[in-house]
1. Name the pairs whose Cβ atoms lie under 6 Å apart, with the first residue in segment 78-106 and under 16 Å from residue 119 (Cα atoms), the second open to solvent by less than 40 Å² (accessible area, probe 1.4 Å) and assigned to a helix (DSSP H, G or I), and 6 or more positions between them or separate chains?
2. What are the residues in segment 1-35 that are assigned to a loop (DSSP other than H, G, I, E, B) and among the β-branched types (Val, Ile, Thr), if any?
3. Residue 38 is checked against (1) in a loop (DSSP other than H, G, I, E, B); (2) surrounded by 14 or more Cβ atoms within 10 Å (Cβ to Cβ); (3) not polar (S, T, N, Q) and fails just one. What number does that condition carry?
4. Taking segment 1-35 only, how many residues are of a type in the set (A, V, I, L, M, F, W, C), farther than 15 Å from residue 64 by Cβ and open to solvent by 40 Å² or more (accessible area, probe 1.4 Å)?
5. Here is a check on your reading of the model: is residue 27 out of contact with any Gly (no Cβ under 8 Å at 6 or more places or on another chain), closer than 14 Å to residue 120 by Cβ and touching a residue at least 40 places away in the same chain (Cβ under 8 Å)?
6. Please go through segment 46-68 and pick out each residue that is in contact with a helix residue (DSSP H, G or I) (Cβ under 9 Å, 6 or more places away or on another chain), open to solvent by 30 Å² or more (accessible area, probe 1.4 Å) and closer than 23 Å to residue 123 by Cβ.
7. In segment 69-112, what count of residues is obtained for those that are under 16 Å from residue 39 (Cα atoms) and either open to solvent by 20 Å² or more (accessible area, probe 1.4 Å) or part of a strand (DSSP E or B) (or both)?
Amino acid sequence: QVQLVESGGGLVQAGGSLRLSCAASGGTFSSYAMGWFRQAHGKERELVVGEGRSGGNTYVADFVKGRFTISRDNVKNTVYLQMNSLKPEDTAVYYCAASRGRYVVMDHRNYNYWGQGTQVTVSS
């Protein structure tokens, strides 16, 4: 059983930056593809960025391309989401998730483990 704990959310002004962290425990971190999802109020959960097991398969959603990046440290069992040039429409609860698959998948139903989420609020 893998446990995921996110941190780093908060309130930031538009144009600012935040870095979210997701610490994993209870499993072999390097054997999971990892994704960062977000869910805004009243909207569907959507994949923002993801990275495959080996780090060679990376996905970045068009709506954050050039602003957000994912990275993972398989020694620290942690995955990061660096968010720059934040916009009010980035306001959401952000979740990290782990999939037993090798590659990043878009559908949140294919992820086996989830963190509790961390709120990101971007003010205009």
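The values are calculated or read from the model by the stated rules, or taken from the named source; none is laboratory data. Just so you know, these numbers come straight off a predicted model, no measurement behind them. FYI the Cβ positions are ideal-geometry reconstructions off the backbone, even for glycines, and counts take in every protein chain you see. SASA here: full protein model, heavy atoms, side chains in, ligands and nucleic acids out. Shrake-Rupley method; radii C 1.70, N 1.55, O 1.52, S 1.80 Å.
1. none
2. 2, 28
3. That leaves (1) as the condition not met.
4. 3
5. no
6. Scanning segment 46-68 gives 46, 63.
7. Counting residues in segment 69-112 that are under 16 Å from residue 39 (Cα atoms) and either open to solvent by 20 Å² or more (accessible area, probe 1.4 Å) or part of a strand (DSSP E or B) (or both) gives 16.
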